[in-house]
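To keep things clear, I will list the structure first and then write my remarks on it.
The values are calculated or read from the model by the stated rules, or taken from the named source; none is laboratory data. What you see is a predicted model, and the numbers here were worked out from it, not measured in a lab. FYI the Cβ positions are ideal-geometry reconstructions off the backbone, even for glycines, and counts take in every protein chain you see.
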Number of protein chains: 2
Amino acid sequence: MITTDVAIIGAGPVGLFAVFECGLLRMRCHLIDYLPQPGGQLSEIYPKKPIYDIPAYPIVLAQELVNNLMKQTEPFKPTFTLGERVEKLTKVEERHFVLETNKGTQIQSKVVVIAGGLGVFEPRKPEISNITDFENGKGVEYIIPQPEIYRDKKIVIAGGGDSALDWTIYLSDIAKEIALVHRSENFRGVPDSVAKVTKRVKDGRIRMLLNSQVTDLDGNGKLEKVVVTNIKTNEKYEMEADYFLPLFGLSPKLGPIENWGLEIEKNAIKVNTEDYSTNIPGVYAIGDINTYTNKLKLILCGFHEAALMSHSAYKYIHPGIKYTMKYTTVSGIQGL
Amino acid sequence: MITTDVAIIGAGPVGLFAVFECGLLRMRCHLIDYLPQPGGQLSEIYPKKPIYDIPAYPIVLAQELVNNLMKQTEPFKPTFTLGERVEKLTKVEERHFVLETNKGTQIQSKVVVIAGGLGVFEPRKPEISNITDFENGKGVEYIIPQPEIYRDKKIVIAGGGDSALDWTIYLSDIAKEIALVHRSENFRGVPDSVAKVTKRVKDGRIRMLLNSQVTDLDGNGKLEKVVVTNIKTNEKYEMEADYFLPLFGLSPKLGPIENWGLEIEKNAIKVNTEDYSTNIPGVYAIGDINTYTNKLKLILCGFHEAALMSHSAYKYIHPGIKYTMKYTTVSGIQGL
């Protein structure tokens, strides 16, 4: 069992800065992140993207920001559990929490700080009653890691954005048959992709069904047919299909956090802005994962939240002890 | 008359970052500062001091931080009135404020943001009923810009800190007579200075009165005598004095801001943490000059406050218009 003062769920920029603020108050931190490296979205999704709104950085690359934050936390020697997702949070008593990851790692802490960003990105699913029967390799897939498996297959794609359009174009070259089903007559994708799809529809290489949606799935242990309903005329078509690919984009989800008894609002954790505490004493939420009146999902706001949280966490860990803040410009940094 | 969207009182780090946040929302800013250059205390008091607690800066020199903030505000072309102090704030009607400085400069704005840091540093004064009669060149002085005027004069210094001790030592070389009056028996100054003073007292070069304070001043148009009272025995002494120098340190004061009808608490402006607005609609207070539950006087907190303030100011200027935040990582920076 790993033991620490503060367990921080999420090793993005705000979780990292929390290590610094807690460290100034002599609290040790352990960070847990589902991603294989610290930095959160900045390192995983857009490491080379410039950021313009970090105070006193006219421009900074996302990964550079992460590197600087890592360097700033160094004196406080944070420890990490990476590539694991916290599944369970148990409050044994005040100042005694136990976290458990999907791989069974256990972390004991006095305080829990949730800095999970936008949470876990999960695919948006269409409302089809039996869709889960065909998930996990039985014909329904929401992301396309290996396009080659669709070669010479009968494919039905649903969606009206860039992802649906791009994959329809790409797979029309290798699939046996391909159909694109879209609820509206207008696409949200870039005009160039729309034009390409339209041309291939004219050429007979793509079948397009507008104002339509897939309403039923059928098959014996594996997908064989989809039922498409025209939402204007209510007419129904049956189509043979080896694969149904609903590509409606990814949506951030809180994941297991939703089941920890925290007050949730609009897919975020409600906090008290006096210290960014949640409804569970000893559990805080900072950064993009929390919500309050006028919340702005900016990294710089998470930094402020980390600072106020750390002072409250100190009081929670040391009830009755008064702490007088020392300014780092006066006393410098004493590592842990 | 200078006209702008947002008048920012104080050109320290938080005032400068407010220019950036307001700029993203297409609001122009004009800054007014009593100091001759932007940067506030960072540039004026400790430009070469390292700061360790700016997020993603493991270390940064105060002036370097100011330079980076100046660069970040550049696209939004802020304008400045420097070396002037705002004396008057008049709210003509909603979205129409007029500010006036000590030099008569007038600034008209739709919103006022007070980012005045710790305010103006003023000397702590002893409680002597007629002390003001002898201020302004008539014998009582709180700071010592020109020590030469004390040559061959009779000086009484009051205080027990480094400033009182150091000036007593320095002036004992040039004054005709010098006395140090201190309320306690213990000095707060560094041991070396205390030892030096003690030695000169023994040598008869300094007269020291402990457990004592100056309780009365006397003179005809100019200081001639001070009355010192021993606070243990209540005995009174009269001493001839050309100058009385109470050196009790400097204390930050709000100055003229105190008279603008703002809710003040503990020498700071009370704000609503939902948007850092004051009790006067259209007037905000951000950074060290504001107060709220759990306030931390950290630059990084002022940055967050500037962000939330700017969105509220936008709504105040444009009632009924909904603004959708664009992330700078997506859309970049469009200057003004």
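A few comments on the model shown:
- Those residues of segment B:97-150 which are farther than 28 Å from B:L298 by Cα, in contact with a Ser or Thr (Cβ under 8 Å, 6 or more places away or on another chain) and of a type outside the set (A, V, I, L, M, F, W, C), in sequence order: B:E100, B:T105, B:Q108
- Looking across segment B:295-304 at every residue that is out of contact with any strand residue (DSSP E or B) (no Cβ under 7 Å at 6 or more places or on another chain) and crowded, with 20+ Cβ neighbours inside 10 Å, the one that is farthest from the other protein chains (Cβ to nearest Cβ) is identified as B:G302.
- Residue in segment B:308-324 that is assigned to a helix (DSSP H, G or I) and under 22 Å from B:V66 (Cβ atoms) present: yes
- Any hit, segment B:277-288, residues being in the same structural domain as B:K71 (by TED's automatic domain parsing), assigned to a helix (DSSP H, G or I) and either under 22 Å from B:L31 (Cβ atoms) or within 23 Å of the chain's Cα centre (by Cα) (or both): yes
- Residue count, segment B:53-77 (criterion: within 20 Å of A:L24 (Cα to Cα), at the interface with chain A (Cβ under 10 Å from one of its Cβ atoms) and either among the aromatic types (F, W, Y) or touching a strand residue (DSSP E or B) at 6+ places or on another chain (Cβ under 8 Å) (or both)): 7
- Considering (1) closer than 29 Å to A:E74 by Cα; (2) modelled with pLDDT of 95 or more, the lone condition that B:V112 does not fulfil carries the number (1).
- Residues in segment A:12-46 that are among the aliphatic types (A, V, I, L, M), more than 20 Å from A:D275 (Cα to Cα) and outside any strand (DSSP E or B): 3 in all.
- Among the residues of segment B:226-275, those identified as in a loop (DSSP other than H, G, I, E, B), of a type in the set (G, A, S) and closer than 21 Å to B:W167 by Cβ are B:A241, B:G249.
- Members of segment A:1-52 that are of a type in the set (S, T, N, Q) and within 13 Å of another protein chain (Cβ to nearest Cβ): A:Q41
- Residues satisfying the stated conditions in segment A:229-247, i.e. of a type in the set (D, E) and either in contact with a helix residue (DSSP H, G or I) (Cβ under 9 Å, 6 or more places away or on another chain) or farther than 13 Å from A:L210 by Cβ (or both): A:E238, A:E240, A:D242
- Enumeration of residues in segment A:315-336 that are touching a helix residue (DSSP H, G or I) at 6+ places or on another chain (Cβ under 8 Å), surrounded by 13 or more Cβ atoms within 10 Å (Cβ to Cβ) and either more than 11 Å from chain B (Cβ to nearest Cβ) or modelled with pLDDT of 95 or more (or both): A:L336
- Every residue from segment B:47-63 that is assigned to a helix (DSSP H, G or I) and surrounded by 18 or more Cβ atoms within 10 Å (Cβ to Cβ): B:A62
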